[in-house]
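Chemist: Before anything else, here's the structure in question.
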Amino acid sequence: MRLTVLCLLMFAVFPSVSRAQVPVFVIMPEESSIKFSVKASAALEGTFDKWDATLKYSSPDVSAGVLDVKIQADSVNTGSGMKDGKLKSKDFFDVKQNPLITFLSKKIVQTGPDTFEVDGDFTIRGVTKAESLTLTLSGKGTGSGAVKGTMAFDRKDYGMNSGIPFIKIADRVEVSVDLKAKRVSGPPVVFQQ
């Protein structure tokens, strides 16, 4: 009986202790942005107005982080109703069938004092492929800062083969993220020297 009680106490105590020993970050959408641009005969760039991102750690080691970004595809905003409508259609984002554009990191590698290569699964239009996000961190060691980076992909790899009437567009799409994050609990992240 004592052993059972001791085991229950251990399970009750240790999970909370281990949770307290990992960095916990909050990404602040109101101070952050996710943008895209495509070279075109007429400017084709915009933002996504509705998205959510989390940065979770299983240990203080920077490589133990997992970045998870979920974008509402129908929140695309180019400043042009015609362009937005075309991007939301079956030819591009197909928002009715595929409401989310996602990126889930699988590996974070520190490539310099403030730079990182983040490999992950990028999903758009229901198609998932491995892509890399190159990030630069500012505010390291302060408990809050900005994570800025870019990722480029070929739109045709995801079934976006159509064009936009009267606009010639390239196949390469560049996505840029500017995420403001704040550590709300746990120890600081440990970076490579």
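Chemist: Only one residue in Val66, Val95, Val118 is in contact with a helix residue (DSSP H, G or I) (Cβ under 6 Å, 6 or more places away or on another chain) and either in a helix (DSSP H, G or I) or free of Cβ contacts under 8 Å to residues at least 60 places away in the same chain (or both), so which one is that?
Modeler: Sole residue among the options that is in contact with a helix residue (DSSP H, G or I) (Cβ under 6 Å, 6 or more places away or on another chain) and either in a helix (DSSP H, G or I) or free of Cβ contacts under 8 Å to residues at least 60 places away in the same chain (or both): Val95.
Chemist: I've got another one for you. Open to solvent by 30 Å² or more (accessible area, probe 1.4 Å), over 17 Å from Gly46 (Cα atoms) and of a type outside the set (S, T, N, Q), is that true of Lys86?
Modeler: When the stated conditions are applied, Lys86 does not pass them.
Chemist: Of everything in region 27-44, what is over 17 Å from the mean Cα position of the chain (by Cα) and surrounded by fewer than 16 Cβ atoms within 10 Å (Cβ to Cβ)? Give them in sequence order.
Modeler: Those that are over 17 Å from the mean Cα position of the chain (by Cα) and surrounded by fewer than 16 Cβ atoms within 10 Å (Cβ to Cβ): Lys39, Ala40, Ser41, Ala42, Ala43.
Chemist: Within region 65-80, is there a residue that is over 25 Å from Ser37 (Cβ atoms) and open to solvent by less than 20 Å² (accessible area, probe 1.4 Å)?
Modeler: Yes, that holds for at least one residue.
Yes/no matrix, rows are residues, columns are (1) loosely packed, with under 14 Cβ neighbours inside 10 Å; (2) free of Cβ contacts under 8 Å to residues at least 24 places away in the same chain; (3) of a type in the set (Phe, Trp, Tyr); (4) outside any loop (DSSP other than H, G, I, E, B):
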{"site": "Leu137", "(1), (2), (3), (4)": "no, yes, no, yes"}
{"site": "Thr142", "(1), (2), (3), (4)": "yes, yes, no, no"}
{"site": "Val147", "(1), (2), (3), (4)": "no, no, no, yes"}
{"site": "Thr150", "(1), (2), (3), (4)": "no, no, no, yes"}
{"site": "Glu174", "(1), (2), (3), (4)": "no, no, no, yes"}
{"site": "Lys182", "(1), (2), (3), (4)": "no, no, no, yes"}
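Chemist: Let me ask something else about it. Go through (1) under 19 Å from Asp171 (Cβ atoms); (2) open to solvent by 40 Å² or more (accessible area, probe 1.4 Å); (3) among the charged types (D, E, K, R) and name the single condition Glu131 misses.
Modeler: (2)
Chemist: OK, next. (1) under 30 Å from Leu100 (Cα atoms); (2) at pLDDT 50 or above: which one isn't true of Ala20, the others all being true?
Modeler: (1)
The values are calculated or read from the model by the stated rules, or taken from the named source; none is laboratory data. Quantities reported herein were computed from a predicted structural model and do not represent experimental measurements. Backbone-built Cβ (ideal geometry, glycine too); neighbour counts: all protein chains shown. Please note that ligands, DNA and RNA were not included when accessible areas were found on the heavy atoms of the full protein model with its side chains. Shrake-Rupley method; radii C 1.70, N 1.55, O 1.52, S 1.80 Å.
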